[in-house]
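Single-structure report; data block below.
What follows is calculated from the coordinates using simple rules that are stated; it is not laboratory data. None of these values were measured; they are calculated from a predicted model. Virtual Cβ from ideal backbone geometry, glycine too; neighbours counted across all protein chains shown.
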Amino acid sequence: MYRDGAYVSEHVRPTTHAQIQPNGVDLTLDAIFEPLEPGRITRNDTEIGKRQRVASAELDRKVPETYYLEPGGYVVRYDEVVEIPEGHVGFVYPRSSLMRNGCMLDTAVWDAGYEGRGEGLLEVHHDIELERGARIAQLVFAEADHEGTYEGTYQGENYETPRD
Ligand SMILES: O=c1ccn([C@H]2C[C@H](O)[C@@H](COP(=O)(O)OP(=O)(O)OP(=O)(O)O)O2)c(=O)[nH]1
């Protein structure tokens, strides 16, 4: 069974009322990165290739900061710290407005016990303007059996990353 948005919001911080949806909680955009060098995935190891943070558009000196993105693949970091409670698995979907504008978010499985500010792959098929702090995704929780809890590489990721 999927949990309701109010339950999910107890595990996402900070959360404003506007982020709480009937079936989940919207996640907002913090930073955007562009992969620069090849990464590597072997049988025993994973290496994330060097990447560069995308600067916000200087055009019009928009406040809050706004990113103007041309077609390509970008890695986005969400602003909220997410905690996946035991007995659950998390899934992130794109906000439909993103999709309707010709963009897509590709996401993987969010494991029970994971805590951090996660990332997703933003596919831009058509130029788009995204404000930093805009809602771009929605996190939902499904009840799930599991053996053990998440203890991988990304546990606690970006926890301390300052929001500059
Ligand atoms: O779209 C996603 C999906 C998952 N995660 C977070 C939550 C998840 O629990 C963690 C690790 O994901 P995964 O287990 O897929 O990572 P991995 O590549 O297998 O690395 P490791 O084995 O070190 O966990 O990353 C994200 O930030 N974005």
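Among the residues of segment 4-20, the one identified as part of a loop (DSSP other than H, G, I, E, B), buried (at least 18 other Cβ atoms within 10 Å of the Cβ) and not hydroxyl-bearing (Ser, Thr, Tyr) is His11.
Can you tell me which residue within segment 131-156, out of those that are of a type in the set (A, V, I, L, M) and within 13 Å of the ligand (Cβ to nearest atom), is surrounded by the most Cβ atoms within 10 Å (Cβ to Cβ)? Looking at the filtered set, the residue picked out is Leu139.
Against the numbered list (1) surrounded by 14 or more Cβ atoms within 10 Å (Cβ to Cβ); (2) aromatic (Phe, Trp, Tyr); (3) in contact (Cβ under 8 Å) with a residue 40 or more places away in the chain, Tyr159 comes up short only at (1).
Might you check whether a residue that is outside any loop (DSSP other than H, G, I, E, B), within 16 Å of the ligand (Cβ to nearest atom) and within 19 Å of Pro35 (Cα to Cα) occurs anywhere in segment 122-130? Yes, segment 122-130 contains at least one residue that is outside any loop (DSSP other than H, G, I, E, B), within 16 Å of the ligand (Cβ to nearest atom) and within 19 Å of Pro35 (Cα to Cα).
Inside segment 51-108, residues that are exposed (fewer than 11 other Cβ atoms within 10 Å of the Cβ) and under 13 Å from the mean Cα position of the chain (by Cα) make up a count of 0. Count of segment 108-147 residues, restricted to those that are free of Cβ contacts under 8 Å to residues at least 24 places away in the same chain and either touching a strand residue (DSSP E or B) at 6+ places or on another chain (Cβ under 8 Å) or not acidic (Asp, Glu) (or both), is 2.
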